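Below: one structure, written as structure tokens.
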Amino acid sequence: MKPSIGTALGEAIDGLRALELGDAFEPRAAAALVDAGLHRLCVPASAGGLEASLSEAAEVLLAVGAVDGSTALGFAMQVHVTGAMRDATAVPETARERLYRAIVAEGALLNNAATEEGGGSPARGAIPGTTAGSDSDGTWRLTGEKTWTTWLPNLAYAFVTARIGEDEAAPEIGTFLVDLAADGVERREGFEALGMRGSASGRLVLTGTPAELVGRRGVKEPDPRGAAPGAWFGIAIAAVYLGIGEGARDGVARWAIDRRPGDGSTAVADIPSVQLRLGRLDAELRAARIVVLEVARRWDVDRDAADVALAKLVATRAAVSATDEALRIAGGPGFLAGRLERAFRDARAGLINPPLEDVALLGFARTVLERGEAQR
């Protein structure tokens with residue numbers, strides 16, 4: 001990790017630990033990252049950023065996730081959007097440079113806004129219900145509503161997907177850059193979810209909102225940005241949830257060392273069955289960390305995104321398993337509202353983040369079967 005990234009990360013972690021973070025959205029969490037300069041993580045050095053590689057960004061998200069899952073998830077949106085924008089030049093240079101300046105000079109935070117109520121996941125090919133039309137002067141305007149827009153209260157800009165034209169047989173999908181300070185933007189609260197409640201994943205309502213078209217394609221055409229968005233999103237998500245699991249491991253270890261029930265002669269950490277559980281969850285987490293960082297390294301070196309879905313799958317499984325084991329170690333105290341109980345809930349949110357497990361497993365199966373057919 002570059003020294004400049006390590007310094008910014010250390011300052012950000014100190015800032016987060018000074019806050020009493022819980023289930024409620026806390027805007028000071030994002031401010032702690034911005035004040036430390038960590039929001040510039042994936043901006044090119046030439047534009048005033050830290051120019052983190054994907055593997056460096058994953059290490060940062062692992063560390064933030066260990067402190068607070070909701071903050072890490074929100075920050076992961078900034079990471080994957082700016083990282084993919086840097087690695088895939090499909091976004092026009094003027095828009096990219098303007099966003100880089102806004103991030104560096106103004107502390108701007110970004111996200112994509114693609115998911116819609118009833119439309120399903122864009123990862124499964126959902127066509128946007130949000131529509132785009134142009135005025136006589138050429139200004140594009142968007143009308144529609146996006147859900148699951150993470151860190152919505154913090155965002156300055158969003159890349160929004162919308163349907164262009166009225167041709168239902170062959171619709172086009174446009175990607176638009178929206179300044180969220182513009183007219184026609186309304187930010188609504190989302191809903192009470194099982195986990196990641198502090199991520200403020202809200203509803204973005206657009207009513208004739210002016211927008212800048214930065215890309216368009218037919219619904220059956222491949223994304224002109226290539227593999228970059230999927231690689232950055234998948235690894236960012238994997239690192240967040242794995243970080244949550246690692247935080248639960250470290251937290252329950254400290255608790256077990258300090259906890260001395262009964263006459264106080266023996267710490268919980270000295271109980272063999274507790275050590276077995278702790279060793280088991282640690283082994284799963286460390287194996288998953290190796291996979292996540294190796295897959296990220298492959299992207300950095302060769303632009304190889306073949307195993308991103310695998311990295312996300314093993315990271316999420318390890319986090320779910322680790323937080324479960326952590327609660328079993330802590331027993332009753334672990335079920336009380338607090339960091340362990342919150343980590344248990346937050347880790348399970350990874351099950352619904354793409355790349356989805358069933359999609360990944362079907363893809364693995366197809367590869368195995370195709371290889372078997374080729375060997376016949």
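Yes or no, residue by residue, for (1) within 30 Å of THR71 (Cβ to Cβ); (2) open to solvent by 50 Å² or more (accessible area, probe 1.4 Å); (3) in contact with a His (Cβ under 6 Å, 6 or more places away or on another chain):
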| residue | (1), (2), (3) |
| --- | --- |
| ASP137 | no, yes, no |
| GLU145 | yes, yes, no |
| ALA170 | no, yes, no |
| ALA182 | yes, no, no |
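Kindly indicate which of LEU177, LEU206 is within 20 Å of the chain's Cα centre (by Cα), under 22 Å from VAL91 (Cβ atoms) and open to solvent by less than 20 Å² (accessible area, probe 1.4 Å).
LEU177
Output the residues belonging to the stretch 32-50 that are small (Gly, Ala, Ser) and surrounded by fewer than 20 Cβ atoms within 10 Å (Cβ to Cβ).
ALA36, ALA45, SER46, ALA47, GLY48
Looking at the stretch 2-31, which of its residues are surrounded by 15 or more Cβ atoms within 10 Å (Cβ to Cβ), not acidic (Asp, Glu) and not in a helix (DSSP H, G or I)?
LEU19, LEU21, GLY22, PHE25
Go through the stretch 320-340 and give me each residue that's open to solvent by less than 40 Å² (accessible area, probe 1.4 Å) and assigned to a helix (DSSP H, G or I).
VAL320, SER321, ALA322, THR323, GLU325, ALA326, LEU327, ILE329, ALA330, GLY334, LEU340
Quick one: ARG254 ticks every box in (1) more than 26 Å from the chain's Cα centre (by Cα); (2) farther than 24 Å from LEU21 by Cβ; (3) at pLDDT 95 or above; (4) of a type outside the set (Gly, Ala, Ser) except a single one, so which number is it?
All conditions pass for ARG254, except number (2).
Is it the case that the stretch 304-319 has a residue that's more than 16 Å from the chain's Cα centre (by Cα), of a type in the set (D, E, K, R), surrounded by fewer than 17 Cβ atoms within 10 Å (Cβ to Cβ) and in a helix (DSSP H, G or I)?
No, the stretch 304-319 contains no residue that is more than 16 Å from the chain's Cα centre (by Cα), of a type in the set (D, E, K, R), surrounded by fewer than 17 Cβ atoms within 10 Å (Cβ to Cβ) and in a helix (DSSP H, G or I).
In the stretch 342-349, is there at least one residue being surrounded by fewer than 22 Cβ atoms within 10 Å (Cβ to Cβ), at pLDDT below 95, among the charged types (D, E, K, R) and part of a helix (DSSP H, G or I)?
No, the stretch 342-349 has no match at all.
Among the residues of the stretch 222-272, how many are open to solvent by less than 70 Å² (accessible area, probe 1.4 Å), free of Cβ contacts under 8 Å to residues at least 40 places away in the same chain and part of a helix (DSSP H, G or I)?
Qualifying residue count for the region: 2.
Using the structure shown, decide if PHE75 is open to solvent by 20 Å² or more (accessible area, probe 1.4 Å), closer than 26 Å to PHE191 by Cβ, touching a residue at least 40 places away in the same chain (Cβ under 8 Å) and not aliphatic (A, V, I, L, M).
It is false that PHE75 is open to solvent by 20 Å² or more (accessible area, probe 1.4 Å), closer than 26 Å to PHE191 by Cβ, touching a residue at least 40 places away in the same chain (Cβ under 8 Å) and not aliphatic (A, V, I, L, M).
Restricting the search to the stretch 294-303, which residues are crowded, with 21+ Cβ neighbours inside 10 Å and touching a Ser or Thr at 6+ places or on another chain (Cβ under 6 Å)?
ALA296
What strands (runs of 3 or more DSSP E) lie completely within the stretch 129-189 and have 2 or more residues being at positive phi?
In the stretch 129-189, the matching strands (runs of 3 or more DSSP E) lie at 140-149.
The values are calculated or read from the model by the stated rules, or taken from the named source; none is laboratory data. This one's a predicted model, so the numbers in the text were calculated from it and none came from an experiment. Here the Cβ is made from the backbone with ideal geometry for all residues, glycine too, and neighbour counts use every protein chain on show. Remember, those area values only see protein heavy atoms, side chains included, never the ligands or the DNA or RNA. Shrake-Rupley method; radii C 1.70, N 1.55, O 1.52, S 1.80 Å.
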